[in-house]
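A.B. asks: Dropping a structure here in structure tokens format, bear with me for questions.
The values are calculated or read from the model by the stated rules, or taken from the named source; none is laboratory data. These numbers were taken from a predicted model, which means no experiment stands behind them. Cβ atoms come from the backbone with ideal geometry, glycine included; neighbour counts cover every protein chain shown. Keep in mind that these areas ignore ligands, DNA and RNA; they rest on the heavy atoms of the full protein, side chains included. Shrake-Rupley method; radii C 1.70, N 1.55, O 1.52, S 1.80 Å.
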Amino acid sequence: MGIFERIADAIFRMAMGDSKKRWFYTPFAAFLFLCFLSLFFIGAYFTDRWLNLPAVVYLPWNLILGLILLAPGALLIVWTWAQFLMARGTPVPINPPKKLITTGLYAYSRNPMMLGLFLVFFGVGILTGSPSLTFFFSPLCVFIFYVQITGVEEREMELKFGRAYLDYKQRVPRFFPKLVKGK
């Protein structure tokens, strides 16, 4: 069993374990996730300073484009959190909803929250004019989460939901919704 399979199995065991423990550890896991995300922004800030990279600011275009990405990205994150909470779970892998969510935004993307996160990262990079956030740390974030989702999360979802998830996976794209519905 490879590392991704072992991680997926461990998350599956935690998610199926004692409810009181899951709710106790959920804020801690969410805090660690937010700390991890903040490292990208902090890293970009110091990389820009260390390499003496000038801010790429073309007013008002960076404001317009940055907000065009940031606003829908933040909305996707908030909306998906609300869907998880209404399903009596959280997006934190150790405390997920008991049922597979396939409605709302999840009818169009299996990972609308990650799509929102990617939009926020690129939006903040463009809005602040940070070359390293826009061209290095945002793509790095996308790559890391792509590996995590394909290597761990999807395996854990298959363990948890079986055939229902496999069917859902066949119908719905991972990140980007299909622009035209196929037959």
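A.B. asks: Note down all Cβ pairs under 9 Å where the first residue falls in the stretch 66-83 and is more than 19 Å from residue 134 (Cβ to Cβ), the second is among the β-branched types (Val, Ile, Thr) and not in a helix (DSSP H, G or I), and they're at least six residues apart or on different chains.
C.D. replies: Once the first residue is more than 19 Å from residue 134 (Cβ to Cβ) and sits in the stretch 66-83, its partners that are among the β-branched types (Val, Ile, Thr) and not in a helix (DSSP H, G or I) give 80/101; 81/90; 83/101; 83/103.
A.B. asks: Output the number of residues of the stretch 121-133 satisfying the condition of being open to solvent by 20 Å² or more (accessible area, probe 1.4 Å) and in contact with a Ser or Thr (Cβ under 9 Å, 6 or more places away or on another chain).
C.D. replies: Total meeting the criteria: 5.
A.B. asks: What pairs come out if I take residues in the stretch 156-174 that are without any contact (Cβ under 8 Å) to a residue 60 or more places away in the chain and pair them with residues that are among the aromatic types (Phe, Trp, Tyr) and buried (at least 17 other Cβ atoms within 10 Å of the Cβ) whose C-beta lies under 6 Å away, six or more apart or interchain?
C.D. replies: If the second residue must be among the aromatic types (Phe, Trp, Tyr) and buried (at least 17 other Cβ atoms within 10 Å of the Cβ), the pairs left are 157/165; 158/165.
A.B. asks: Mind telling me which of the residues 137, 145, 122 ends up being within 18 Å of residue 56 (Cα to Cα), without any contact (Cβ under 8 Å) to a residue 60 or more places away in the chain and in a helix (DSSP H, G or I)?
C.D. replies: Exactly one of 137, 145, 122 is within 18 Å of residue 56 (Cα to Cα), without any contact (Cβ under 8 Å) to a residue 60 or more places away in the chain and in a helix (DSSP H, G or I), namely 122.
A.B. asks: Does any residue of the stretch 56-64 turn out to be in contact with a helix residue (DSSP H, G or I) (Cβ under 8 Å, 6 or more places away or on another chain) and either closer than 20 Å to residue 36 by Cα or among the small types (Gly, Ala, Ser) (or both)?
C.D. replies: No: zero hits.
A.B. asks: Mind listing whichever residues of the stretch 43-63 are under 16 Å from residue 124 (Cβ atoms) and either open to solvent by less than 80 Å² (accessible area, probe 1.4 Å) or modelled with pLDDT of 95 or more (or both)?
C.D. replies: 43, 44, 45, 46, 47, 48, 53, 55, 56, 57, 62, 63
A.B. asks: Another question, then. Of the residues 31, 40, which single one is of a type in the set (Phe, Trp, Tyr), under 20 Å from the mean Cα position of the chain (by Cα) and open to solvent by 80 Å² or more (accessible area, probe 1.4 Å)?
C.D. replies: It is 31.
A.B. asks: Next up: Quick test for you: out of 91, 72, 97, pick the one residue that is open to solvent by less than 90 Å² (accessible area, probe 1.4 Å) and not in a loop (DSSP other than H, G, I, E, B).
C.D. replies: Matching residue, one of 91, 72, 97: 72.
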